[in-house]
Amino acid sequence: MEKHTFCMDTLVAQMAHGDAASAALTAAEAEMFRLVRLLNFYSDDSDIGQLNLAAGNRDVTLGAETFGLLTQAKTLAGATGGAFDPTVGPLVRLWRTARSNGSLPPPAELARAARLVDYRDIGLDAARQVAGLRRPGQAIDLGGIAKGYVADRMADVHRAAGVTSGLINAGGDVATVGGRPDGGPWRIGLQHPRKARGQWFAVVPASGQAVVTSGDYERFHEVQGVRYHHLVDAQTGYPAASGLMSVTVMAERAADADAFATAVFVLGADAGVELIRRIGSLEAVLVAKSGTVLISRSLKGRARIGRIGRQLYF
Amino acid sequence: MSRGFTVFLSIIGVIVVLGGVATLIGYAGIRKTVQLKMGDADLAAIADGAYVGTYDCGRFSNSVEVQVADHKIVGVKVIKDQKGSTGAFQKIFDAVIAKQSPAVDAISGATATSKAYLKAIENALQGAR
């Protein structure tokens with residue numbers, strides 16, 4: 001069975017097989033709506049909105065879910081050395097405004113915003129579920145992992161309902177429950193970074209893992225012929241220019257895969273590969289602007305990789 | 001009747017519902033819109049602008065805004081109570097999903113916005129005509 005829902009400004013597709021499928025699809029959709037309302041962090045009324053308004057001023061009590069997601073985000077920021085950072089809010093705001101105007105943010109404002117990005121300034125008190133941002137002007141943006149988080153939670157609902165073969169595709173963030181109904185793994189295509197939407201260059205197998213891709217081809221705008229994509233390097237304030245076109249990360253949880261894909265994209269091939277190796281439990285496929293494809297050795301013989309350019313296993 | 005045309009009719013259906021309760025533009029404009037769309041299955045005569053109304057699908061009721069620019073639907077934005085898709089929206093999604101290849105179960109990194117889907121639908125419709 002399948003179910004498609006328009007949510008989070010994208011299309012969320014679910015598949016589930018077996019007796020529990022129908023109930024699971026409906027319950028997972030309800031869970032998505034609940035989380036989206038709860039985590040609506042662009043609204044000043046939400047927990048994160050309140051936290052941002054109170055930055056540098058006071059701590060805010062968060063709901064259990066928001067506190068959990070923020071804690072997860074800070075942990076991931078630490079694990080990536082800040083290459084993924086949920087305090088990127090001030091930069092995201094500047095670029096979002098620029099994108100809607102077709103302009104570029106003033107460099108001085110970018111520099112000021114970049115100095116506000118530091119996940120270590122997120123104060124978390126687990127006992128009281130209280131959080132705070134140390135400096136005025138700092139702001140949390142969970143856009144980098146929210147879709148993955150929602151996909152994870154939907155997959156959890158499938159599992160709890162007894163589904164053993166299910167798939168959630170939240171606008172390209174894929175979470176799987178078991179494998180295909182025929183017993184094989186789910187076959188996840190990886191979007192070709194320079195071809196039309198829906199055209200893939202590789203197919204990776206997934207049974208219970210999540211597959212998330214970050215690329216420079218989504219959500220970009222052009223100013224005087226130059227493309228500015230949405231993956232911002234907090235070090236510079238500008239879209240990451242690390243020589244990569246796309247990064248796919250496979251992990252147990254889609255939120256983790258989401259954060260690591262962003263981080264590797266920002267870090268570039270060398271430091272990115274080193275990060276994937278260091279974490280150990282991740283698999284990845286990196287596409288460099290040169291066309292070279294870097295693939296986790298553990299995927300050798302399991303993934304089908306089309307010809308973009310040279311293929312190297314790490 | 002081709003599947004594409006059926007989908008197009010369902011889009012028109014949305015517009016018709018929107019027309020009934022439109023808040024942003026005058027009654028005459030809406031009526032003209034509906035008549036021409038129903039008659040010709042063509043957006044050529046639709047004025048640019050945002051058409052706001054209540055979109056009622058099954059047990060969900062959403063306020064949506066349909067953006068028309070240069071005689072094309074460039075977006076459908078849910079502006080209130082973003083909830084599920086059944087009915088007309090479901091048909092649109094089904095049609096788009098059906099275009100995916102059977103060789104894969106999902107595509108990672110094909111992040112589609114509602115705009116992109118509408119573009120895809122428009123292309124599909126042009127091919128179907």
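Figures for the structure shown
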| item | result |
| --- | --- |
| Cα-projected label distance for A:Ser298 with A:Glu252, points at 7 Å along beta-carbon direction, nm | 1.1 nm |
| Efficiency of FRET from Cβ geometry, B:Ala103 and A:Asp19, R₀ 30 Å, rounded to 0.05 | 0.60 |
| Cβ-Cβ FRET estimate between A:Arg135 and A:Glu2, R0 fixed at 51 Å, reported to 0.05 | 0.65 |
| Label-point separation in nm, A:Ile279 to A:Asp125, each point 7 Å along Cα→Cβ | 3.1 nm |
| Helical contribution to [θ] at 222 nm, DSSP H n ≥ 4, -39,500 (n - 2.57), averaged over chain A, rounded to 500 | -10500 deg cm²/dmol |
| Gyration tensor (Cα) of the range A:5-100, equivalent ellipsoid semi-axes in angstrom | 30, 17, 15 |
| Per-residue average of Cβ from other chains inside 10 Å of A:182-194 | 3 |
| Distance (nanometres) between label positions extended 7 Å along Cα→Cβ at A:Leu53 and A:Ala108 | 3.0 nm |
| Entries of A:Lys147/A:Lys195; A:Lys147/A:Lys300; A:Lys3/A:Lys74; A:Lys74/A:Lys195 with Cα pairs more than 30 Å apart | A:Lys3/A:Lys74; A:Lys74/A:Lys195 |
| Extended-chain gain in nm, criterion 0.36 nm per residue less alpha-carbon gap, A:Lys195 and A:Tyr313 | 40.1 nm |
| Size of electric dipole in chain A: Cβ of Lys, Arg +1 and of Asp, Glu -1, about Cα centre, debye, nearest 20 | 920 debye |
| Ratio of the Cα radius of gyration of the range A:5-53 to 2.2 N^0.38 Å, where N counts its residues | 1.47 |
| Cα centroid of the range A:178-220 to Cα centroid of the range A:46-78, whole Å | 31 Å |
| Fully extended contour minus Cα-Cα distance, from A:Asp270 to A:Leu38, at 0.36 nm per residue | 79.7 nm |
| For residues of A:197-203, the mean tally of beta carbons on other chains within 10 Å | 5 |
| Formal net charge of residues neighbouring A:Tyr217 (Cβ-Cβ distance under 11 Å; K, R +1; D, E -1) | +3 |
| Net charge of neighbours whose Cβ lies under 9 Å from the Cβ of A:Val150, counting Lys and Arg as +1 and Asp and Glu as -1 | -1 |
| Neighbourhood net charge (10 Å Cβ-Cβ; Lys/Arg +1, Asp/Glu -1) for A:Ser242 | -2 |
| Cβ-based charge dipole, the range A:17-121, positive-most Cα from A:Ala83, A:Ala30, A:Ala114 | A:Ala114 |
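No lab work stands behind these numbers, since they all come straight from the coordinates. Just so it is clear, the structure is predicted and the values come from calculations on it, not from any experiment. Here Cβ is always computed from backbone atoms with ideal geometry, including for glycine, and neighbour counts include all displayed protein chains.
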